[in-house]
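Taken together, the values in this text are just the output of simple stated rules run on the coordinates, not laboratory data. This is a predicted model, so every value here is computed, not measured. Ideal geometry is used to build each Cβ from the backbone, glycine not excepted, and the neighbour counts take in all protein chains shown.
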Amino acid sequence: MAKHSLQDVAQKAGVEPEYLDRLVELGILAPDANDVFSTGDVRRASWVQSLEQAGVPLDGLAAAVRDGALSFSYLDASAFDRFTGQTDTTFRELSTRTGIPLELLMVIHETLGYAEPRPEDLVRQDELSVVPAVELLLSSGVPHVAIGRWLRAYGESLRRIAEIETDWYKTEVMKPFIESGMDEVAMMDAQAELGSRLAPLLDQALLALYHGQQEHTWRNSLFEYVETALERAGLYSRLHRPPAMCFLDITGYTRLTEEEGDQAAADLATTLATLVRRSSQEHGGQPVKWLGDGVMFYFPDPGQAVLAALDMVDGIATHGLPPAHVGIHAGPVIFQEGDYFGRTVNIAARIGEYARPGELLVSQEVVDLAQDITVTFKEVGPVELKGVSGPLRLHSAHRAA
């Protein structure tokens, strides 16, 4: 186990030496006979200071530790070794040394979940690991704004993964430990021991899943590149058609939550996610984002969007879930930071809101582009939708008899 002096701990934890003296005095930190601290003490000092800054009284923490009601011993577990401390380099110094604009270095800090730093704040060790990629992109001529967008997309996506993972760990690991009869202190040590064995396997799994998603996305990008090159050379002609946006909502989701509780709503959302993800992927589409009681999808082919939506509506009914109502519109969209924007998205959402339970409504644009599928469309007439200028010709979609 690594050993640290008081000055080392203060620098790595980002606290004053006097603060460490106070933690030792209170019994929260316990250096050895030679006043040497462990790596776990670095984490304890940093995390305890965060607790105090959040309003938790330091004397109360110390009393709980003395009484055995609270322990920070689990922070010695190797699972926490991945969490690096601060360097002795400020953001201003790093900017001067690398030539990376100060505001771009601050974006790196923000993507890790922290508030915007000051130029004289110290850089974290994990932030330095991001710097080489930023340097290469800058030297290749990628604009600062584009790099910032990339960093924020990474940060937001990984934040969601970390939050979901932590919530899952609480309910599926920590809670069962308590229910088995462990007290809180024993549970925290047991979960930390399991987490230390699990953490490297999760890293391995996360990277493998990411690489799999990369291969899928890069392959699609290659297809588009080859098609474009052949088309320019006059060797290939592809059918140009705009993509479709699809909105699916569950009827009565709010009422279900109120009547049967949050767990019932969460179970419904899990079943719904499995059903719609499978149906959308089978038809070349993808879920873009989850909206509490529904989902927004992107489909390159409007006809496949219709087929996928019919599968979803049928599957939801088969599984005994509350009926879904769906709206689809086709047209140009803007893709930015993992999301889609524009008039096509807004109209699709409004159509979905207008649809009745169990109904799939599509715009005239979708009907015109979906002539190669075996589906029956029935016009429901020109419809005025909230937030949409002028009436829209809408059609209900049904499987052909």
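Tabulated data
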read-out	value
Rounded tilt (10° steps) of 262-282 against the dominant C-alpha axis of the chain	60
Mean Cα-pair separation over length for the chain, i.e. relative contact order, pairs under 8 Å, 6 or more apart, %	10
Unit charges at the beta carbon, dipole of the chain: most positive-side option, G85, I100, H211	H211
Degrees separating the helix 17-26 axis from the principal Cα axis of the chain, which is the longest one	80
The chain - share of DSSP beta bridges that are antiparallel (%, nearest 5)	90
For the range 114-161, size of Cβ-based charge dipole, Lys and Arg +1, Asp and Glu -1, in debye	260
Normalised contact order of the range 1-117, rounded percent, pairs of Cα under 8 Å and 6 or more residues apart	24
Lys pairs, the chain - Cα-Cα below 30 angstrom, 8 or more residues apart or on other chains	7
Charge dipole (debye, nearest 20) of the chain; +1 at Cβ of Lys and Arg, -1 at Cβ of Asp and Glu	1580
Acute angle (nearest 10 degrees) that the helix 39-53 long axis makes with the longest principal axis of the chain, alpha-carbon atoms	70
Debye, to nearest 20: dipole size of the range 244-399, +1 on Lys, Arg Cβ, -1 on Asp, Glu Cβ	320
Spacing of the two label points (7 Å from each Cα toward its C-beta) at A400 and Y169, in nm	5.3
Relative contact order (%) - criterion: Cα under 8 Å, at least six apart; region: the range 263-383	21
Charge dipole (the chain, unit charges on Cβ, about Cα centre) - positive-most of Y19, T270, S71	T270
